[in-house]
Amino acid sequence: MKVGTDGVLLGAWADIPGEGRILDVGCGSGIIALMCAQRSSKEVAIEAIEIDAGAAKDALANFNNSAWHDRINLICADFRSYASTCSVRYNAIISNPPFFKDSLKPGNKSREIARHTDSLEYDDLFNGCGKILAENGKISLITTWESYGDIAKAATENRMFLYRRTDVFTTAEEKFPKRVLTEWSRTPTDYIWNSITINTALGTYSEEYKNIVGDFYINM
């Protein structure tokens, strides 16, 4: 999977703990795990799980060629199985999960696994996270606006509560957001809800978008 705006935006937006462990679920090429390593201190251990062997191989190569190769551990496994047997607890779980449902499959098996919910239902995601999330931990996700209702339903059924939400618009003219960033916790609270717009009317990146992701781009 190529590096895309979704992964970069989530990796830059997600809450990063000052210590403990971070898990990137469905890491693909490993971009989010690498961003977490860049944003965190050496006291934070990072693990990335990927079910597709080809993507896992690419992610491992990227990790090994990074400045944080000693802090990122790759796990090639199904998340549901891993969560059922895992004995550690994570302070942050971050995922750019599959969000296409009942739509035309692309014909590429690896891409199908990465993009369609057949491979990891939202209920499975939250159920697994509930088993391995630390008491004060956070789950950070990015989804389409159309998928938000399904995400919220799965979170509620697994006793997770919205902590923070950012609606992402490509342009100011859009009626509905293109993506929704959400953060979930075990404790109910008055959540933070805001929005950002990626592009200005002139087609350039907005200042609010650059403030979030600017550290990860060259000459943005």
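Here are some notes:
- Carbon and sulfur %, accessible surface of region 3-103 computed with the full protein complex present, 1.4 Å: 47 percent
- Each residue of region 132-142 was assigned a 3J(HN,Hα) from its phi angle through the Karplus curve 6.51 cos²θ - 1.76 cosθ + 1.60 (θ = phi - 60°); the sequence is 10, 7, 5, 4, 9, x, 10, 10, 10, 9, 10 Hz, with glycine and proline shown as x.
- On a per residue basis, the chain carries 51 Å² of accessible surface, using protein heavy atoms and a 1.4 Å probe.
- Backbone geometry of region 167-175 corresponds, through the Karplus equation with coefficients 6.51, -1.76 and 1.60 at θ = phi - 60°, to 3J(HN,Hα) couplings of 7, 10, 9, 6, 9, 5, 7, 5, 6 Hz, x marking Gly and Pro.
- For region 168-217: relative contact order, % (alpha-carbon pairs under 8 angstrom, 6 or more apart): 36 percent
- Largest mean-square fluctuation among Asn65, Asn158, Asn96, in a Gaussian network model of the chain whose springs join Cα atoms under 10 Å apart, belongs to Asn65.
- Expressed to the nearest 5 percent, the antiparallel share of DSSP beta bridges inside the chain is 35 percent.
- Pairs of Cα atoms farther than 20 Å apart, region 114-177, %: 34 percent
- Sparsely packed GluC sites (Glu not before Pro) within region 1-57, loop by DSSP, other Cβ within 10 Å at most 14: Glu19, Glu43
- Across the protein chains, with a 1.4 Å probe defining accessible surface, the residues Thr85, Thr171, Thr143 rank Thr85, Thr171, Thr143 from largest area downward.
- Distant-in-sequence amide H partners of Lys138 (H built 1.01 Å from N, under 5 Å): Ala92, Ile93
- Computed from point charges on the beta carbon alone (+1 for Lys and Arg, -1 for Asp and Glu), the dipole magnitude for the chain about its Cα centre is near 180 Debye.
- Dividing the summed helix terms, -39500 (n - 2.57) for each DSSP H run of n ≥ 4, by the number of residues in the chain produces a 222 nm estimate of -9000 deg cm²/dmol to the nearest 500.
The values are calculated or read from the model by the stated rules, or taken from the named source; none is laboratory data. Source: prediction; values computed, not measured. Reconstructed Cβ throughout: ideal geometry from the backbone, glycine too, with neighbour counts over all protein chains shown. These area figures cover heavy atoms from the full protein model, side chains too; ligands, DNA and RNA do not enter into them. Shrake-Rupley method; radii C 1.70, N 1.55, O 1.52, S 1.80 Å.
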